[in-house]
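Beneath this line is the structure, given in structure tokens, with notes to follow.
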Amino acid sequence: MSDRRKTPGDVTVLLREARRGDEAALDRVLPLIYEELRRLAGRKIRAEANGHTLHATELVHEAYLKLSSSGRMEAENRPHLMAMASRAMRQLLVDHARSRKAQKRGGEWKRTTLADGPIVLETSPEELLALEDALSELEERQRQVVECRFFGGMEEVEIAEALGISERTVRRDWVKARAWLYARLYPEIPTETP
Amino acid sequence: MEKDLRRQVEDLFEQVLDRPEEEWGEAVEELCSGDDALATEVRRLLSAHQRAEGLLERPFHLETAADSPDQSDRILDTKIGNYLILQEIGRGGMGRVYLAERADGHFRQRVALKLIREADADLQARVVAERQILASLEHPNIGRLLDGGVTPDGRPFLVMEYVDGLPIDLYCDRMRLSIRERLTLFLTVLKAVEHAHRNLVVHRDLKPSNILVTPSGEVKLLDFGIAKILNPNLGGPSTPPTRDRDRALTPEYASPEQVRGEAITTAADLYSLGVVLYEILAGCRPFESPQGGLPELARTICEDDPPTPSARLGATEQSRTPDDEEAGGPVEIARARHTTSPGLRRQLKGDVEAVVMKCLRKEPVRRYGSVELLSQDIRHFLTGLPVEARRGSRWYRIRKYAKRHRGEAIAAGLVTVSLLAGAAAATWQAQEAAWERDRARAALRESEEVTDFLLGLFQSSDPLETPGDTVTALDLLTRGASRAGELRAEPLVRARMLRVMSRANLNLGRYGEAESLANQALELVRREFGEEHESVAEALVQLGAAFRSGGKYDSAHAALDRAREIQERVLGPDALELSTTLVAHAGIDVYLGDLDTAERRTREALALSERHLGPDATATLNGLSSLASIHRYQARYAEAEAVFREVLRRRRALEAPDPVRLSSDLLQVGDMLVVYGGDLDEAESLFREALSLQEPGTGVNTVNRVWALTSLSNLMEARGDMDEAERLRREGVAERRRTFGDAHPLVSETLGSLGLLLNRMGRLDEAEEILREAEAVNLATVGSDHTRHAGTLTGLAEVLANQGRLEEADSLAFQALEIRRRAQGSEASIVAQTLTILAEIRMERGLMESAEDLLLQAVQISSGHREGAPLPRRIHRDLADLYEGMGRDDESAHHRALAEIGG
């Protein structure tokens, strides 16, 4: 919370550096995006209590617009930033699911991460955490494709641009990732396990 | 799995995927070449792939559930009473609600624990009240109250059944319920509210988050936290709620009276239920949360008419943004209801929407009378029966229909209005006008005589060259009246002069003066000759005419009866003189709606004049013409037209027909053609001929000239030439004003007919203005008890009704009814017609019982009419519509059949 008042200009710089391969810059930009998303989600939840549907896509787009509007963000940065936001979104949801689970177990009161209020997830916290486990086993690029597509609601063409691969590769990665995830999430399908 | 192995499996997986599916087994064998472990992994991935279709396909989204809890709350994991607090699950006006668990070791039970924010005495009292209320509300669809108490720090708490469910709107969307399924589910909600209302409990904060549906589809109403106790006995020690606290409500679902802090009844719940239903069905609430925040929302709720769900959906679709595909846009909303967005609008339009909108009326009394009635209407809709909520609009359609019906007979203007009203019932002054015409025609002729008479008598040097010069005529009459007493002429001459002056005054619209002069004449001859004298009868006939013009119909009747008695005794039962009395008397019969008697008297008069004067005599032709008029009022149109044509034929055959009478005959035949759908071209040539017979300056016939102008106007209206129709009527007004000055009943008559034309043209403001002018003239001349005034009021009522000013219209039509009942008796046809007009206004106002009562009275009165006459048809049509709206189908069909006779 303390550093969430970073200016979007900072984000631009950090992002540029991150693209040049500066891991430290990436580490610094992600929390900014994360915080922006959290703030957006929280505000929306407060404004639209009672069963409003919040779409990750919306949030990611808005976070992107917010971060890029006052900064001199080049157009080429858009897919990249969107991919970042998608990752932040994933992180945010996983954190939220963890805190919800903790509450359900009757644990100590803790702020939910995503928003300052109860939300109904279409995907349950358990499902979300299982998905997170399954994602961690995926190859990096497949995981990125899933992030962009599922958590960020990005189009194939945007994903291709963000990740610097062809659209065909995006599709192939998606098919492979989805099969792996399914196999991991629903292992009871009949087959001779090795 | 090893990274290498994983990559190997993926490679093979992709290669197999490139092959047709039926070859996959073969391909795996082939590609893995004996490596069973590898083959197993590839098969596993392929199998997953086949089932993974759709996994994570839709980008992630989440939904907010309730108000956010305060993060600083430290109550979790502590114990309140015997309950362990697990999690905050909600927050209301009075405090917070926690998920808790019974922790006294007896049994594990999840509960909702409501902790009151502050420990103030008022709240505590309210909690006590709430416990009592909730304890009295045992219902499967209402969350039960289990326990209650006070925390060590003095905060009251309530323990309620914990409901693990979704807010109803979310549930419906999640389950993708159709509109019918949503309505059916809503019926269960209504059952619970019904139960509460029967126990005199108003919820006062109904909203989706208080209406939960469990995964098994069970509905539970929560939180009667701000319920007001209608029965003070249930209230116990509770203090009356303060206004501020009352307004601690959810504004989006609050009724106008709640927003204003007024008295709350079950109608407030009906309103909130309406908002919830609106939202469940349309996916949005009737009012947007506005930019201006709460004050603006409050104003909107109190003042603005909510758009209908279909209108709102339509508007959303119009202003669609790219996001709408997903984020609560019309496409998504429709999809969640198993339909498309045009399909959804179609489903909502009509009955469903009417039901919702009836709940959302600003005035509590205009909503459903009870939750049961709302339930019933929804059930009616679900079973295909007509809904109560659309009655209002049925009235509207009836009104529309009545309007259209009036339009069909548009040609008639003055005459039509009377005929639409049926038989003898002259709306306006239709047949009053006919009467007026006959009388005024006679009077004007007499005024020539009186001119001669007075000229001769007074040796006036001022010849009356311009009959229309009323100032001169009036001066002369005034001079004559003032000097009549001084005259030492023969009593018979003086009596005659008084009668003639009486007529002239009638002609000038000075009815009181006319009556006074006729009375003077009567007194004079009675004094001079006693009761049994011909001249007494003559004076009585004149007095009858004055009474009639003055709206004193009973007196007119009595005077004419007396005149006839005298004539029969003095002159014998077959005297020609009787015919004048009979014709005058028939006119009053017509006016009072007794058409059979009118016909009988007219036929008697006709027989007398034929016997004494022959078939072509003026008196005979006049009698025939009167008979034809009566046939017209009797709805015997073919006979009427035939007789009018016969009169015209005979008149034309005369050597030197009187141009005034000839023009009357021409106009009568032409009017029949226009009003009853005859040849308009023939009618026009008849009207033109009539007009040519009385160009200004060719005679004294201003009355027939205006008649001709009005008839031509009707004809133009029938042809759709409204501008010309209006011009002709305005010319009629001008003509009358030239002749009679501004303040004359005959001027108000033309104004009235102009006003009604403007009404039919939809120029309602102008129509009102003109009719108000007519009203002013009437009030200044004939007074507020006169039927002319009633006629103007009826016309004004129609205009106001068309303007939507129903209450004013109602009041005017009612005044008209009162005047007519007093003046014409409650059995007159015109009363039936006024009853019908009032009933139509009441129907439009939704006052069904009253409308029914009025129409049944009208039926009673008009029962003497021939079947198929316009007035009875109109009454039956109204009754049919009325009963249809009330769901009384048999009665509706009965009246519908009667309405169609003669149609």
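The values are calculated or read from the model by the stated rules, or taken from the named source; none is laboratory data. Fair warning: this is a prediction, and the values are worked out from it, not measured in the lab. In this analysis, Cβ positions are derived from the backbone assuming ideal geometry, glycine residues included, and neighbour counts consider all displayed protein chains.
When the helices (runs of 4 or more DSSP H) confined to the stretch B:809-895 are screened for residues that are of a type in the set (Lys, Arg), those reaching at least 2 such residues are found at B:870-885. Put simply, of B:222, B:170, B:183, B:200 the only residue that is within 28 Å of residue B:369 (Cβ to Cβ) and at pLDDT 85 or above is B:183.
Take the residues of the stretch B:136-185 that are among the aromatic types (Phe, Trp, Tyr) and closer than 24 Å to residue B:83 by Cα: which is nearest to the chain's Cα centre (by Cα)? In this case the residue turns out to be B:162.
The conditions of being modelled with pLDDT under 90 and assigned to a helix (DSSP H, G or I) are not met by residue B:769. The selection criterion, being at pLDDT below 80, closer than 26 Å to residue B:627 by Cβ and touching a helix residue (DSSP H, G or I) at 6+ places or on another chain (Cβ under 9 Å), does not hold for residue B:669. The one condition from (1) more than 8 Å from chain B (Cβ to nearest Cβ); (2) at pLDDT below 90; (3) under 30 Å from residue B:40 (Cβ atoms) that residue A:88 does not meet is (3). What do you reckon, is residue B:681 under 30 Å from residue B:778 (Cβ atoms), of a type in the set (D, E, K, R) and either in a loop (DSSP other than H, G, I, E, B) or out of contact with any helix residue (DSSP H, G or I) (no Cβ under 8 Å at 6 or more places or on another chain) (or both)? Criteria not met by residue B:681.
Conditions tested, residue by residue: (1) in a helix (DSSP H, G or I); (2) crowded, with 18+ Cβ neighbours inside 10 Å; (3) at pLDDT below 70; (4) within 12 Å of another protein chain (Cβ to nearest Cβ).
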| position | (1), (2), (3), (4) |
| --- | --- |
| A:60 | yes, yes, no, yes |
| A:68 | yes, yes, yes, no |
| A:83 | yes, yes, no, no |
| A:95 | yes, no, no, no |
| A:114 | no, yes, yes, yes |
| A:127 | yes, no, no, yes |
| A:131 | yes, yes, no, yes |
| A:135 | yes, yes, no, yes |
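Among the residues of this structure, residue B:314 counts as one that is within 30 Å of residue A:59 (Cα to Cα) and at pLDDT 65 or above. Residue pairs whose Cβ atoms lie under 7 Å apart, sitting 6 or more positions apart in sequence or on different chains, and linking a residue in the stretch B:833-855 that is closer than 17 Å to residue B:816 by Cβ to a partner that is at pLDDT 85 or above and of a type in the set (Ser, Thr, Tyr), are B:834/B:794; B:837/B:794; B:842/B:850; B:855/B:836.
Hey, any hits in the stretch A:145-152 for a residue that's surrounded by 18 or more Cβ atoms within 10 Å (Cβ to Cβ), within 11 Å of chain B (Cβ to nearest Cβ), in a loop (DSSP other than H, G, I, E, B) and at pLDDT 85 or above? Among the residues of the stretch A:145-152, not one is surrounded by 18 or more Cβ atoms within 10 Å (Cβ to Cβ), within 11 Å of chain B (Cβ to nearest Cβ), in a loop (DSSP other than H, G, I, E, B) and at pLDDT 85 or above, which makes the answer no. Would you please name the residue that is nearest to residue A:169 (Cα to Cα), looking only at residues in the stretch B:5-43 that are more than 12 Å from chain A (Cβ to nearest Cβ) and among the acidic types (Asp, Glu)? Per the stated criteria, the residue is B:21. In the stretch B:630-647 there is no residue matching the filter, namely being at pLDDT 85 or above, under 25 Å from residue B:585 (Cα atoms) and of a type in the set (Ser, Thr, Tyr).
Residue check: is residue B:206 surrounded by fewer than 23 Cβ atoms within 10 Å (Cβ to Cβ), over 23 Å from residue B:329 (Cβ atoms) and hydrophobic (A, V, I, L, M, F, W, C)? In short, no.
For residue B:616, the stated conditions hold: it is of a type in the set (D, E, K, R) and not in a helix (DSSP H, G or I). Checked against the criterion of being over 16 Å from residue B:788 (Cβ atoms), without any contact (Cβ under 8 Å) to a residue 24 or more places away in the chain and either in a helix (DSSP H, G or I) or among the hydroxyl-bearing types (Ser, Thr, Tyr) (or both), the candidates B:758, B:728 yield just one match: B:728. Looking only at the stretch B:299-311, decide whether some residue is at pLDDT below 65 and of a type in the set (A, V, I, L, M). No, the stretch B:299-311 contains no residue that is at pLDDT below 65 and of a type in the set (A, V, I, L, M). Within the stretch A:164-189, being modelled with pLDDT under 65 and more than 8 Å from chain B (Cβ to nearest Cβ) holds for one residue alone: A:188.
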